[in-house]
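The values are calculated or read from the model by the stated rules, or taken from the named source; none is laboratory data. Values in this document were obtained by computation on a predicted structure and should not be read as measured data. Don't worry about glycine lacking a Cβ; one is built from the backbone with ideal geometry, like all the others, and counts go over all protein chains shown. The area values use the complete protein model at the heavy-atom level, side chains included, leaving out ligands, DNA and RNA. Shrake-Rupley method; radii C 1.70, N 1.55, O 1.52, S 1.80 Å.
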Amino acid sequence: MIVIDVETTMRSSTNFSATPFDPKNEMLSMGYTHTTFLPTDFPVVTSYDMGMSKARLINELNVIDDGGIVFIGHNIKFDLHYLVLEGLDLDKVSLAYDTQYMYYLLTGTKSPSLNDVADYYKLPRKKDTLSEYFGNNISIEDIPEKEMQEYLTQDIVLTKEVFTRLWADLNPELSPLVDLNAKVNMALQAMEMNGIYIDKEKLYQEYNKTDLIVEDSLTELERLATLIYPAGTKPEKLHTTKTLNQIFRGKPVKTKQRVEQGTYKNGNAKFVTEEVVVYTGQPIVDDSNWTRKERGNEKVNLGLPMGEKQLQIIHDVVRGLTIEQKDYALQVIKYRKSSKLRDSFLKPIGDYLRETQSDAIHPTYNCTTTSTGRLSSTNPNAQNQPPEVEAMFTTPPAVGFNIEVRASADFKQLEIWAAAVLSGDVQLIQDIGSGVDIPDTIAISANLSGYKQPSVRRLCKIVLYGTIYGGYPAGLSKQTGWDKKIIQDIQAAFFDRYPGLKKYYDDYITLVNSSLPIGHHPTTGGAIVAIPSITGRIYRYTQYPQWDGRLDFNVPQLYNYRIQGFATGDVVPLYIACFLDVLNKNYTVSSDPICYLERTVHDQVGTRWTFPTRLGLSADKIERIIEGTYDEALSLTHIALKEWLPSLPELPLSLDFKIF
C-alpha cells in the first residue's frame, strides 16, 4: 500500500483552479511512501530528492505487476488524474483508498480537509509554509524547491498517519464500504477523465437563443413596469419578490423625491430629498378573487416567496387583475426560466470548454458531500441538467472507420426495491417480483379517477415516491396540485397494502427517539443521534425547533436517509464497481469494441462506446453487446450483495436501457 501525493499549479480560471483537465495546469512534483503495515518503516521519496524526477518515480511504479499497486491519498482521485497524465499505467493500480472518505464515514464530516482529520486525532497540523508566498503574489511554481519538498513531505507523512489511525478505528461493519469506495474511486477516476463531450454548435445556438429571450423579457418587463408603477417609481430590479409583492399584494413602494423647502438668501428655491411612500394602485390578490376551491382546498402563499407556481396561479386563476399584471406574471416566469438556463447551465459549460480548450466537460464526482452517501458532481454539475443541456451531450468525432455510441441504464424503481428489501414487507416484495403495477394498484384502492391518464399516473408516482421519502400530505398537495384528501387516500391505500413498510418506518422513528445522543446542536441544543444502517453506514439525525417550539427530528429524513442511502449511496456505487470489473475483463484500449464510463446520475450509469466498422456489426448486435455488458455488471452486483448482506431478501434488480 503506497501513500501518494502530488503538488500542482493552479492556473485555471474555472471554478477549480487546480483542475487536471485545464492544459495550463501541470504536476510540479510527486512523492510517496509505504504504509506502516510493513515490518520496517519506509522513507518518503519525492521527485525533489537527489537523482529523482517525476518521470523516474512514475517509471518505478509502472514496472510493478498489473494490479499490484494499492494507493492511499487524501482526495485520491485528484492525485490519480495527474499521475495518469504524467504517464502512470492505471492497469498497475487495483484500489485507491481515500482518507477523506474514511473520515467522512467515521464522523459524518462532509469534505473534510487533511487538517480536519489531524485535529480529530490531535496530530500536529501541516505547517502552512506557503501562505506567505501566496500573500506576496508568488505562484506555486516559483516557490523554492526546499519549501515545496517540505510541504509535500508533510502531506505524505500526515496522510500515512491518519490512514493508519482511521484503518484501526473503522469498525468491521464499515470495512466493506471502505473497500468498495477504494474500487469506486478507480471507476470515478475513469469517468472524470473520459468526460462528457458537448456539441458546441448546439451549445452556442441555445445560448444565443436563450440570451435573446432573457433580453426580450427584460425589455417587456420594463415596458409593463412603466405602465404599472407611478411615474418615477419604477424599481431597478424587475423580477424580485419585493417587486412582485408591490404589484400583486399592494405593498408600499418607497421612493425618493426632491421637495421644495423654503428659499436661500439669494431667493433661489431650496430643495431637500425625502423618502416618499407610494402605491402602484393595482388590484391586489386576496380572498375576494381567489376562492378556496381554486386553491385546491389548500392555502397557497402568494406572498413571500413568489415562485413560478404562484405566478402561474396568479395568471391562470386569480380574477380582477389588469392585463398588465397578468402579463407581468408570465414575463417573470419566462425571465427566470431563461436566465437560469443561461446563467446556471449554458454559460458555465461554455466558459469551461473555452477555458480548458476542450470539447468535453470533466465533472468531479464527490463521495463525501451528501448525508446519505449518494454521489454528487461539481465543476461543472453533470447530474441535474435540464433537457436543453442533455440534448447537447454527444460522442467525440469518429476517428477512422468507427461507430461512436452513447448508452445509459437506469435502475427500475430502485427506491421502492430498497424499501421492500429493507423492510421485508412480504406483499411489496411479492408485487415487485411478479411485476405488479404498483401505481395502478394503489390508485384503484384509493379510488383515484382517471388514473390511466399519463398525467395522472405521473402525479400518482410522485405521491408514492414522496410517501416513501416521508412526504406529508400538505407538501405533496402543493407539489402535485391535488387536494390534500386525495393525497391522504393514496397514502392510506399504500400503507394498507404494505403494512410491513409502515411498521418499518414506525419502528425506526421509535429507535431514533429512544437512542442516546452523541452530542447536541451548538445553537438549538437539539440532540444528535447516530444510527448504523444495514451496510454499516452511520446516519446522523439532529433535533430542530418545530412550529410549536418543541425540539424534534425531521420525519422525512428518518424515512428518506436509510432508503435513499442504501439505494443510491450503497447499491449504485456497488454497481459502478462491478461495471468496472466487467470493463477490465472484457474491454481494453486494444480491444474491439472499447467502452468508456461516461457519467452517473443518481440511479443511472452512462457509457460511451467505439465500434470499428470493420467488425460489420448491425445496430441490433451493437445493442445486444451494450445491454449484455450492463446485465453482466448487474449479475455481479447481485452476487456481491448476497455476499455482503446475506440476510437481505432475494429480490432481483432490473434496468431500463437507452442507446443514443
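If I compute solvent accessible area with a 1.4 Å probe over the protein chains, what percent of it on region 345-415 is carbon and sulfur?
Details: 1430 of 2720 Å².
Carbon with sulfur: 52 percent of the solvent-accessible area.
Write down the Kirkwood hydrodynamic radius of region 512-660, to one decimal in angstroms, obtained as one divided by the mean of 1/r over all alpha carbon pairs. It would help to have the intermediate numbers written out before the result.
Details: mean 1/r = 0.0535 Å⁻¹.
Averaging 1/r across every pair of different Cα atoms and inverting gives 18.7 Å.
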**Request:** Give me the distance in nm between label points sitting 7 Å out from Cα along the Cα-to-Cβ direction at TYR204 and ILE659, one decimal.
**Result:** 3.3 nm
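Please tell me the relative contact order of region 509-629 in percent, rounded to the nearest whole number, where contacts are Cα pairs under 8 Å and at least six residues apart.
Relative contact order for region 509-629 comes out at 12 percent.
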**Message:** Please list, ordered by chain and number, the residues whose modelled amide H lies under 5 Å from the amide H of SER29; skip anything fewer than 5 residues away on the same chain.
**Reply:** GLU7
**Request:** Please check which bits of region 318-338 a label hung off THR241 would reach, taking the label as a point 7 Å along Cα-to-C-beta and the cut-off as backbone N under 17 Å.
**Result:** 332-333, 336-337
**Fill in**
So GLU632 and LEU648, fully extended at 0.36 nm per residue minus their Cα-Cα distance, gain in nm 3.7 nm
**Prompt:** How large is ³J(HN,Hα), in whole Hz, for each residue of region 535-541 in order, when computed from phi with the Karplus curve 6.51 cos²θ - 1.76 cosθ + 1.60 and θ = phi - 60°, using x for Gly and Pro?
**Reply:** 8, x, 4, 9, 9, 10, 10
**Message:** Testing the spin-label approximation: label points 7 Å from Cα along Cα→Cβ at THR226 and GLU173. State their distance in nm.
**Reply:** 6.8 nm
**Message:** At a 10 angstrom cut-off on C-beta neighbours, averaged per residue, how do the peptides 195-205, 244-254 rank from highest to lowest?
**Reply:** 244-254, 195-205
**Asked** Which of PRO573, TRP547, GLY536 sits farthest toward the positive end of the charge dipole of region 534-582, with +1 on the Cβ of Lys and Arg and -1 on the Cβ of Asp and Glu?
**Response** TRP547
**Request:** Could you tell me the distance between the Cα centroids of region 608-633 and region 267-286, to the nearest Å?
**Result:** 71 Å
**Complete:** Using the Kirkwood formula on alpha carbons, the hydrodynamic radius of the chain in angstrom works out to 29.0 Å
**Message:** Between ALA391 and LYS251, what is the label-point separation in nm under the 7 Å Cα-to-beta-carbon projection?
**Reply:** 3.6 nm
**Message:** From Cα pairs below 8 angstrom and at least 6 apart in sequence, can you work out the relative contact order of region 1-110, rounded to a whole percent?
**Reply:** 24 percent
**Complete:** Over the chain, with neighbouring protein chains present, the accessible area per residue in Å² at probe 1.4 Å is 47 Å²
**Message:** From Cα pairs below 8 angstrom and at least 6 apart in sequence, can you work out the relative contact order of the chain, rounded to a whole percent?
**Reply:** 14 percent
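Longer than 32 Å from Cα to Cα, which of LYS183/LYS461; LYS242/LYS478; LYS200/LYS621; LYS251/LYS334; LYS24/LYS146; LYS209/LYS234 are they? Say none if no pair is. All intermediate terms of the calculation are to be shown ahead of the outcome.
Values: LYS183/LYS461 34 Å; LYS242/LYS478 22 Å; LYS200/LYS621 30 Å; LYS251/LYS334 23 Å; LYS24/LYS146 24 Å; LYS209/LYS234 28 Å.
Result: LYS183/LYS461 exceed 32 Å.
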**Fill in**
Amide H contacts under 5 Å for ILE2, restricted to residues at least 5 apart in sequence or on another chain and with H modeled in the peptide plane, are VAL70, PHE71, ILE72
**Request:** Can you tell me how much longer the chain between GLN357 and ALA619 gets when fully stretched, taken as 0.36 nm per residue apart minus their C-alpha distance, in nm with one decimal?
**Result:** 91.0 nm
**Request:** Pick out, from GLY67, SER53, HIS315, the residue whose Cα sits farthest towards the positive end of the charge dipole of the chain, with +1 on the Cβ of Lys and Arg and -1 on the Cβ of Asp and Glu.
**Result:** HIS315
**Request:** Could you list which residues have their amide H under 5 Å from that of VAL601, counting only those 5 or more apart in sequence or on another chain, with H placed in the peptide plane?
**Result:** GLY606
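For the chain, what does the helix formula give at 222 nm: sum of -39500 (n - 2.57) over DSSP H segments with n ≥ 4, over the residue count, nearest 500 deg cm²/dmol? Intermediate values should be presented prior to the final figure.
Values: 23 runs with 293 residues, N = 660.
Helix contribution divided over all residues of the chain: -14000 deg cm²/dmol.
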**Prompt:** In whole Å, what is the distance between the alpha-carbon centres of region 96-141 and region 156-181?
**Reply:** 16 Å
**Asked** In whole percent, how big is the carbon plus sulfur part of the accessible area of region 543-628, probe 1.4 Å, protein atoms only?
**Response** 49 percent
**Item:** Percent of C-alpha pairs per 5 Å bin, region 135-214, short to long
**Value:** 3, 10, 9, 9, 10, 11, 12, 11, 10, 9, 6, 1
